[in-house]
Every structure is written in C-alpha cells, then in structure tokens.
Amino acid sequence: HYYITFYVTTGDQNYKEDYSFLLSQSDFIFLFYDTSSKNGFEKAKTTLYEEVSHHIKKYNHSCSNVIFVGNKTDIHPRKVSKEEVDDFCKGQFNFDNFDISVKDNSGIKELIEAVIQKHHVLMKKNNK
C-alpha cells in the first residue's frame with residue numbers, strides 16, 4: 001500500500017497531531033502552495049521547517065521524497081518567482097518542485113509521471 005499525504009499549510013491546527021502519524025506512514029510528502037500568494041509560499045516554507053524537516057530526520061526519509069508543488073499557475077501575475085522556488089528547493093533540502101494548475105489541468109501529468117518514476121526507484125531500492 002502507498003499513502004499520499006496532502007499537507008495543507010493553511011489547515012486547521014486541531015489536526016496537527018495527526019500530521020505526525022500521517023507523515024510517518026507516507027512514501028512521499030507533497031507541500032502545496034499558491035503561486036499567486038507570497039504569503040502562501042512563506043507559510044509552506046514555515047511548514048517545511050517546522051514539521052516536515054523534523055519528520056525527514058525522525059523517520060530517515062529522503063529529501064527526494066518531498067515534492068514542493070505550486071498551484072494556481074493560471075493566475076497572473078505570479079507572486080512567487082520560479083527562480084525563488086528553485087533556489088529554495090535546491091538550497092538546504094534539494095528536493096523537486098513542480099508548478100501545476102488544477103483549474104486548467106496543466107503540469108499535473110508531469111507531476112504524476114515524476115512521482116511514478118520516483119516510486120519505481122524507491123521500490124527497487126527497498127527490494128534489494
């Protein structure tokens with residue numbers, strides 16, 4: 001079985017205790033942010049530092065299993081530059097990031113294909 005955890009950075013803090021359990025059961029961690037909101041990007045980064053980085057260390061997760069996903073790329077102008085996101089993701093953590101738009105269905109196929117590829121690599125690694 002594989003679990004996908006969608007960690008909502010603007011979510012209700014009443015569920016914060018559940019996050020630790022969910023993250024420990026996950027093969028991949030997706031952090032979503034709104035590309036049309038600088039504040040949303042900053043909240044996602046805070047979540048990463050406060051919650052996800054702790055999980056990575058505690059459960060010996062690879063940073064390659066963390067995927068930063070910018071949504072709402074259909075809204076212009078973009079408030080968070082692609083360069084800023086790339087610099088952040090390749091900096092301390094070195095994980096992948098993707099841009100998508102659920103509204104116009106762009107980037108989703110590429111995201112899913114990348115996760116499938118990473119999943120295959122993970123399965124080969126775990127079966128050795």
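For region 97-126, the set of residues classified as out of contact with any Phe, Trp or Tyr (no Cβ under 7 Å at 6 or more places or on another chain) and within 20 Å of ALA44 (Cα to Cα) consists of PHE98, ASP99, ILE100, SER101, VAL102, ILE108, listed by residue number.
Taking region 84-116, which residues are more than 22 Å from VAL52 (Cα to Cα) and open to solvent by 70 Å² or more (accessible area, probe 1.4 Å)?
At the first step, the residues of region 84-116 found to be more than 22 Å from VAL52 (Cα to Cα) are 101-110, 113.
Residues satisfying the conditions are VAL102, LYS103, ASP104, ASN105, LYS109, GLU110, GLU113.
Only residues that are assigned to a helix (DSSP H, G or I) and either hydroxyl-bearing (Ser, Thr, Tyr) or modelled with pLDDT of 75 or more (or both) were counted across region 42-80, and they come to 10. Of all residues in region 22-44, those that are in contact (Cβ under 8 Å) with a residue 24 or more places away in the chain, of a type outside the set (Gly, Ala, Ser) and open to solvent by 30 Å² or more (accessible area, probe 1.4 Å) total 5. Has region 96-104 got at least one residue that is touching a residue at least 24 places away in the same chain (Cβ under 8 Å), at positive phi and not in a helix (DSSP H, G or I)? No - not one qualifying residue is present in region 96-104. Only one of the listed residues (LYS79, LYS72) is in contact (Cβ under 8 Å) with a residue 24 or more places away in the chain, in contact with a Ser or Thr (Cβ under 7 Å, 6 or more places away or on another chain) and more than 16 Å from LEU31 (Cβ to Cβ). That residue is LYS79.
The values are calculated or read from the model by the stated rules, or taken from the named source; none is laboratory data. Given the structure is predicted, the values throughout are model-derived calculations rather than measurements. Cβ sites come from the backbone with ideal geometry, for glycine too, and all protein chains shown count toward neighbours. Note: areas computed on protein heavy atoms with side chains; ligands, DNA, RNA excluded. Shrake-Rupley method; radii C 1.70, N 1.55, O 1.52, S 1.80 Å.
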